[in-house]
Amino acid sequence: MSQVPVSRTVSSSPPLHLVSDPPRRPPIRAPRWLGDVALGLAEARDLWAPKVHHDPSRRFSVRIAHTEEYDAWLIGWVPGQGISAHDHGNSAGAVVVTDGTLVEARWPAGSSVPEVRQLAAGEPPVVLDADQVHALANLHDAVATSVHVYSPPLTEMRWFEAEEDRLRLRREEPVRADGSHQRTVDALLRDARARFRRLLPVEARLAAADGALLVDIRPEANRRAEGSLPGAVVVERNELEWRLDPTSPDRLPEILDHDARIVLVCNEGYASSLAAGTLHDLGLMHATDLEGGFRAWKDAGLPVAGL
Ligand SMILES: [Fe+2]
């Protein structure tokens, strides 16, 4: 066997790395450090006071600081507003309440039973590890404002649901710089349909015979081309909320109160699911939709008029 010479040549060229250097990542700050930042921001009220907003229609949030290492958000809560069980993806966090009082529910690892506490203005920050699930709500009579700091900067929220003995991950959502959560239409549809039991064509027909209101929300062109649903009330989608909200002066005469039983019908049962979810937002808890829409009704051999 020949000997392999050991080279002692000194090269002036850069050293060869078989494995490329890992990309530089900003350090992730510890929760306690984030708590100090949150407290400092909370005390620097002049920096963010002009941005404070409380919106009765949706929880208000705005990003007030953004560095490589962390970002900070201001959230305004009117009484009754809250955020359900979530964590912050890979980000650790800290929260300081600057005005009012929030209630926090926090789930210990492996438990479906939260620990609940009040977070009042003037109290020290609370901190969260990256995988800590919590929920916040303003259950008091006055508005509340809070400062939230995350490291690395918040890019994702993960939403959970408490089951009997554990928390179940429901969905993940990217977070945009304006504080809103990007949703896909699939996620919207899934969440809407989780709110009610959908009816098969034959069930919809039985429900209508039993007093439920069938509401055909298809565009006029589809009704003309494919026929209409006997006994259904026609309300095009752009009028739906005004015609079905029991408190609206433009409501249908059939809508007497929030107990109305409503079955929405569209072409194939997609738009009707989203619309039924909106009706639930209006307090119409007995609203649902026809699975498969008008076309499934027709395929099931149920009566069609107008052709
Ligand atoms: Fe949070």
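The values are calculated or read from the model by the stated rules, or taken from the named source; none is laboratory data. This one's a predicted model, so the numbers in the text were calculated from it and none came from an experiment. We place every Cβ from the backbone using ideal geometry, glycine too, and count neighbours over all the protein chains shown.
Annotations
- Residue identified as β-branched (Val, Ile, Thr) and either free of Cβ contacts under 8 Å to residues at least 24 places away in the same chain or farther than 14 Å from Gly35 by Cα (or both) among Val116, Val126, Val149, Val96: Val116
- Boolean, Leu47 is in a helix (DSSP H, G or I), closer than 23 Å to Arg32 by Cα and more than 12 Å from the ligand (Cβ to nearest atom): yes
- Residues that are surrounded by fewer than 16 Cβ atoms within 10 Å (Cβ to Cβ), within 13 Å of His286 (Cβ to Cβ) and under 33 Å from the mean Cα position of the chain (by Cα), drawn from the stretch 185-231: Arg195, Arg197
- Gly80 falls short on exactly one of the conditions (1) more than 30 Å from Asp165 (Cα to Cα); (2) away from the ligand (no atom under 13 Å from the Cβ), and that condition is (1).
- Filtered residues of the stretch 57-74 (kept if in contact with a Gly (Cβ under 8 Å, 6 or more places away or on another chain) and under 22 Å from Asp36 (Cβ atoms)): Ser61, Val62, Arg63, Trp73
- Restricting attention to the stretch 99-110, the residues being farther than 26 Å from Val78 by Cβ and in contact (Cβ under 8 Å) with a residue 40 or more places away in the chain number 1.
- Unique residue being assigned to a helix (DSSP H, G or I), under 17 Å from Ser272 (Cβ atoms) and without any contact (Cβ under 8 Å) to a residue 60 or more places away in the chain when the list is Ala225, Ala192, Ala208: Ala208
- Residues of the stretch 267-307 that are part of a loop (DSSP other than H, G, I, E, B) and of a type in the set (Ser, Thr, Tyr): Tyr270 alone.
- Of all residues in the stretch 104-161 being more than 15 Å from the ligand (Cβ to nearest atom), charged (D, E, K, R) and part of a loop (DSSP other than H, G, I, E, B), the one that is nearest to Asp71 (Cα to Cα): Glu123
- Whichever residue in the stretch 83-103 is part of a strand (DSSP E or B) and more than 19 Å from Tyr150 (Cα to Cα) and, among such residues, is farthest from the chain's Cα centre (by Cα): Asp99
- Residue match in the stretch 150-163 (condition: modelled with pLDDT under 95, out of contact with any strand residue (DSSP E or B) (no Cβ under 6 Å at 6 or more places or on another chain) and among the basic types (Lys, Arg)): no
- Qualifying residue in the stretch 46-67 (condition: in contact with a Pro (Cβ under 8 Å, 6 or more places away or on another chain) and either closer than 24 Å to Ala144 by Cα or at pLDDT below 95 (or both)): yes
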